[in-house]
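The values are calculated or read from the model by the stated rules, or taken from the named source; none is laboratory data. Model, not experiment: these values are computed from the prediction. Here Cβ is always computed from backbone atoms with ideal geometry, including for glycine, and neighbour counts include all displayed protein chains.
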Amino acid sequence: MNEARSPGPAIDGAATAALMEPLTDLVIRAGAAILAVDRLAMRIDGKADGSPVTEADLAADRIIGEGLARLVPEMPVLSEERAGLAQPLYRGSFFLVDPLDGTKEFVAGRNEFTVNLALVSHGTPMLGIIGAPALGLIWRGLVGRGAERLTLRENASRLAEPIHTRKLPSHGSPWIAAVSRSHLDARSEDFIAARPAATRLVLGSAVKFARVAEGAADIYPRLAPTSEWDVAAGCALVTAAGGGITDARGKALQFGTGAHGFIVPEFIAWGDPEAAG
């Protein structure tokens, strides 16, 4: 695996766009490897932070890692499963990967787990792919060029539909807030409660970003710490679909600095970026 030991190359918009299809194929292959694992018989280990890691996480990570090394061998890669090898600062462009986001969902037998792959340039996610293999869906976006949802069919064909976030609810209309099934925090709950007649859409993994990107939810607040690899692909996807992601003060997020162990202290995904003002 090619880890960041020196400033990485900067990749331009055309080259980024050209990578969308091969990167999507990698996400599909990683998702297939996850689905091939027997959840009832698989080995589950614990990380230092107490979160689980399974053979499915490692199989997906291996496929993505080897694929990225072939596609763009000079590009640094930061993956959750090898974060201990990371040597920030990540300059230029690099890949940010969560090979299995929502491991708890996967272990519990639910279908809301994802493969997250982002390409970050100068600290900003520019390309994001979120694959939900058990749902047969992929959401992907390129900032400045739009976003789409792919439905994967049994004959390996794909149905592509453009997606877009929705405008801020009109006065008195309810907000729809995507919330985590397994990570609830008081600050996020207070934020949602301050919205008029807010309803909660309970989801697992990065599917929450996808629902904001396709206009099924207005906001996704996480006002508690999470990791960069959980957020980067969703950040690019929501932005490409017309939304935005900020911290609680309305400032843009930065990725790859290594601050606080690649922790994002807080974020809010907005379907309508004007709502963040």
- Message: Quick check on the stretch 136-156. Is at least one of its residues outside the structural domain of A213 (by TED's automatic domain parsing), in a helix (DSSP H, G or I) and not aromatic (F, W, Y)?
- Response: no
- Message: Quick check on my filter: what residues within the stretch 235-252 are over 19 Å from E161 (Cα atoms), surrounded by 20 or more Cβ atoms within 10 Å (Cβ to Cβ) and β-branched (V, I, T)?
- Response: I245
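Restricting to the stretch 180-208, name every residue that is of a type in the set (A, V, I, L, M, F, W, C), in a helix (DSSP H, G or I) and more than 17 Å from A248 (Cα to Cα).
Of everything in the stretch 180-208, just one residue is of a type in the set (A, V, I, L, M, F, W, C), in a helix (DSSP H, G or I) and more than 17 Å from A248 (Cα to Cα), namely V207.
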- Can you run down the residue pairs with Cβ atoms below 7 Å, 6 or more apart or on separate chains, where the first is in the stretch 69-83 and closer than 13 Å to V97 by Cα and the partner is in a loop (DSSP other than H, G, I, E, B) and among the aromatic types (F, W, Y)? P76/Y90; L78/Y90; A83/F262
- Under the condition of being assigned to a strand (DSSP E or B) and hydrophobic (A, V, I, L, M, F, W, C), which residue from the stretch 53-79 is surrounded by the most Cβ atoms within 10 Å (Cβ to Cβ)? L78
- Message: As an exercise: evaluate A160 against (1) at pLDDT 95 or above; (2) on the phi > 0 side of the Ramachandran plot and give the number of the one condition it does not meet.
- Response: (2)
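Of these, S182, S157, which one is surrounded by fewer than 19 Cβ atoms within 10 Å (Cβ to Cβ), over 14 Å from I268 (Cβ atoms) and free of Cβ contacts under 8 Å to residues at least 24 places away in the same chain? Full working, then the answer.
Values: S182 fails: free of Cβ contacts under 8 Å to residues at least 24 places away in the same chain.
Result of the check over S182, S157: S157.
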- Item | Failed criterion for K167 (all others in (1) exposed (fewer than 14 other Cβ atoms within 10 Å of the Cβ); (2) touching a strand residue (DSSP E or B) at 6+ places or on another chain (Cβ under 7 Å); (3) not in a strand (DSSP E or B) hold) | (2)
- Query: Does R82 fit the bill of being more than 21 Å from S182 (Cβ to Cβ), in a helix (DSSP H, G or I) and over 20 Å from the mean Cα position of the chain (by Cα)?
  - Reply: no
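Looking at the stretch 97-151 only, could you name the residues that are aliphatic (A, V, I, L, M) and touching a Lys or Arg at 6+ places or on another chain (Cβ under 6 Å)?
Of all residues in the stretch 97-151, those aliphatic (A, V, I, L, M) come to 97, 100, 107-108, 115, 117-120, 126-127, 129-130, 132, 134-135, 137-138, 142-143, 147, 150.
Once the filter is applied, which keeps residues that are aliphatic (A, V, I, L, M) and touching a Lys or Arg at 6+ places or on another chain (Cβ under 6 Å), the stretch 97-151 yields I129, L150.
Here are some residues: F106, F95. Which one is aromatic (F, W, Y), within 18 Å of the chain's Cα centre (by Cα) and at pLDDT 95 or above? Steps first, answer last, please.
Details: F106 fails: at pLDDT 95 or above.
None of the other options fit; the residue is F95.
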- Message: Please determine whether any residue of the stretch 255-272 is over 18 Å from the mean Cα position of the chain (by Cα), closer than 18 Å to A147 by Cβ and modelled with pLDDT of 95 or more.
- Response: yes
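For (1) over 25 Å from A132 (Cα atoms); (2) in contact with a strand residue (DSSP E or B) (Cβ under 7 Å, 6 or more places away or on another chain); (3) in the same structural domain as G146 (by TED's automatic domain parsing), each residue gets a yes or a no:
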site	(1), (2), (3)
D190	yes, no, no
P221	no, yes, no
P225	no, yes, no
A252	yes, yes, no
V264	no, yes, no
G271	no, yes, no
- Query: Hey, does the stretch 104-120 have a residue that's surrounded by fewer than 24 Cβ atoms within 10 Å (Cβ to Cβ) and either farther than 25 Å from S180 by Cα or in contact with an Asp or Glu (Cβ under 6 Å, 6 or more places away or on another chain) (or both)?
  - Reply: yes
